[in-house]
Each structure stands twice: as structure tokens, then as C-alpha cells.
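> Mind having a look at this structure? Questions to follow.
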Amino acid sequence: MSIGKMRGLLVLTGVMIALMTVMGVWQLSRAEEKRQLQLEWDSRSQIELELAEALAVNAPFGHRLRVSGVYLAGGDLFLDNQIEQGRVGYRLVRPLQTAAGLLAVDLGWVEAGADRRRLPVVSPPDEDSIELSGFIVRPYLPPLSLSSHRQDLVSARVQSLQPELLARQWGEPVQPFVLKLVEGDALESGWQPVVMGPERHTGYAIQWFVMALAVLITGLMFYRRWHEA
């Protein structure tokens with residue numbers, strides 16, 4: 001192999017090592033962000049707000065919320081494409097009529113049937129006034145939400161929980177956050193505020209660093225053999 005080709009190979013090896021190292025450092029930074037997010041969430045989750053207090057806070061997400069109201073009959077919506085432990089399903093969302101207007105309540109995950117044309121059958125809401133407790137979360141938006149404005153107003157299957165779209169579905173203004181139930185009234189309680197924990201990011205970082213080390217060792221061995229030849 002000529003000196004020029006060897007130099008090119010060394011440059012390529014250096015670039016690969018640099019990229020892998022950058023990816024590892026980025027994953028470590030993401031792990032730290034997730035740790036801080038989890039700490040912030042743990043701190044906020046100890047504070048329970050009333051609805052009026054939550055509306056007065058600029059970003060109430062993560063706080064607990066206690067609210068009373070009445071579910072609107074016939075307002076059930078099914079948030080599509082929700083994966084739970086590898087199974088495809090929906091999140092059941094109901095409008096709760098409160099003293100401050102409509103509030104979207106996420107009752108939890110329900111499994112989708114074999115026939116996608118049919119929505120799951122769920123128990124109708126209680127007609128009496130109820131008191132709920134859960135966490136305040138951001139309205140769900142799909143990763144690619146460019147088509148969210150074309151949400152079908154006739155179907156109960158929705159792709160987004162954007163307040164403006166929910167208001168069109170329910171015919172009234174909707175609060176700018178969602179109440180996620182994680183206690184007795186929820187259909188499931190396996191929800192976590194941080195989908196990918198810091199441990200996963202740390203593991204990815206280690207993988208990137210190991211690959212960078214492997215490329216470095218391979219490059220050094222190849223250069224040594226070339227040099228001795």
C-alpha cells in the first residue's frame with residue numbers, strides 16, 4: 001500500500017473515531033438531561049394544585065392536579081398509534097366539564113382489536129360529578145404533526161391532542177394541558193414521564209466509546225503491520 005493511501009486510511013480512521021466519540025459524549029449529555037428532568041418531575045410530582053392554580057402557572061406540567069367535574073357523554077376519543085409493551089393500541093381520552101371549562105382526561109391505554117375499522121368498546125362514563133387526581137402533562141403531538149390539522153372530526157380516532165383540535169371535536173374551548181390519570185380511575189398505570197431513562201443513554205454512550213476504541217486498536221494494528229512491512 002502506498003504512503004498516500006495509508007494517510008487516507010488514517011484520516012478516515014481518525015474521522016470515524018471522532019464521530020463515535022462525539023456521539024458518545026452526546027449520549028452522556030442526554031443522560032444528564034434525563035436525570036435532571038426526572039429530578040424536576042419528582043420534585044413537582046409532590047405538589048398538588050387545584051385547577052385554578054394550574055391555569056395560573058406558566059408551565060404546570062409535572063404537578064399533580066385534583067379536579068372535579070362531569071364527563072361529557074359521547075365525547076370519548078381514541079388517540080391512535082400508542083404502543084404499550086410491544087402491543088398496538090389507543091389512549092382513551094374523555095372531556096371533563098369543569099368550572100373552568102373542558103379538560104381532556106387521559107384515562108389510559110386500551111388494546112386495539114384485530115379489525116382496525118372498529119374501535120375498542122369501553123364502559124360509558126359516570127353521569128355523576130366525580131373528583132379526579134393525576135398528573136398535568138403536555139398535549140400529545142405525533143412526531144410528524146404536519147397533517148394533524150386534517151384530523152377527521154367525524155371519527156373518534158384522533159392522531160393528536162392539540163387543544164385547538166380537541167376544541168373542534170368537542171365544540172368548546174379546551175384547557176392547554178391534559179390530565180393523565182395514574183391511579184384508581186386509570187385503565188393502566190405503567191406510564192412513566194421519561195420514556196427513555198438516563199441508564200439507556202449511558203449504555204448507548206458506552207457502546208459508542210467501545211466502537212471508537214475498537215476502530216482505534218484496529219487502525220493501530222493495521223498501521224503497525226504496514227510499517228513493519
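The values are calculated or read from the model by the stated rules, or taken from the named source; none is laboratory data. It should be emphasised that the depicted structure is a prediction, and the values quoted were computed from it without experimental measurement. As a convention, Cβ positions derive from the backbone with ideal geometry for all residues, glycine included, and neighbour counts pool all protein chains shown. With ligands, DNA and RNA removed, areas are computed over all heavy atoms of the protein, side chains included. Shrake-Rupley method; radii C 1.70, N 1.55, O 1.52, S 1.80 Å.
> Just the residues that are open to solvent by 40 Å² or more (accessible area, probe 1.4 Å) and either modelled with pLDDT of 90 or more or assigned to a loop (DSSP other than H, G, I, E, B) (or both), please, taken from segment 147-171.
Result: Ser147, Asp152, Leu153, Val154, Arg157, Gln159, Gln162, Glu164, Arg168, Gly171.
> If Gly62 meets every condition in (1) modelled with pLDDT of 90 or more; (2) open to solvent by less than 20 Å² (accessible area, probe 1.4 Å) apart from one, which number is that one?
Exception for Gly62: condition (1).
Listed here are the residues, each with its yes/no results for (1) more than 30 Å from Asp126 (Cα to Cα); (2) open to solvent by 90 Å² or more (accessible area, probe 1.4 Å); (3) at pLDDT 75 or above; (4) assigned to a helix (DSSP H, G or I).
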residue	(1), (2), (3), (4)
Gly184	no, no, no, no
Pro193	no, no, no, no
Tyr204	yes, no, yes, yes
Leu213	yes, yes, yes, yes
Gly219	yes, no, yes, yes
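> Can you go through Pro124, Pro142 and tell me which one is on the phi < 0 side of the Ramachandran plot and either small (Gly, Ala, Ser) or modelled with pLDDT under 85 (or both)?
Pro142
> Just the residues that are within 20 Å of Ala214 (Cβ to Cβ), touching a helix residue (DSSP H, G or I) at 6+ places or on another chain (Cβ under 6 Å), of a type outside the set (Val, Ile, Thr) and open to solvent by 50 Å² or more (accessible area, probe 1.4 Å), please, taken from segment 1-45.
Passing the criteria: Met16, Met23, Leu28.
> Which of the following residues is aromatic (Phe, Trp, Tyr), open to solvent by 10 Å² or more (accessible area, probe 1.4 Å), touching a residue at least 12 places away in the same chain (Cβ under 8 Å) and within 25 Å of Ser155 (Cβ to Cβ): Tyr90, Tyr71?
Tyr71
> Could you tell me whether any residue of segment 104-116 is basic (Lys, Arg) and under 26 Å from Ala156 (Cβ atoms)?
yes
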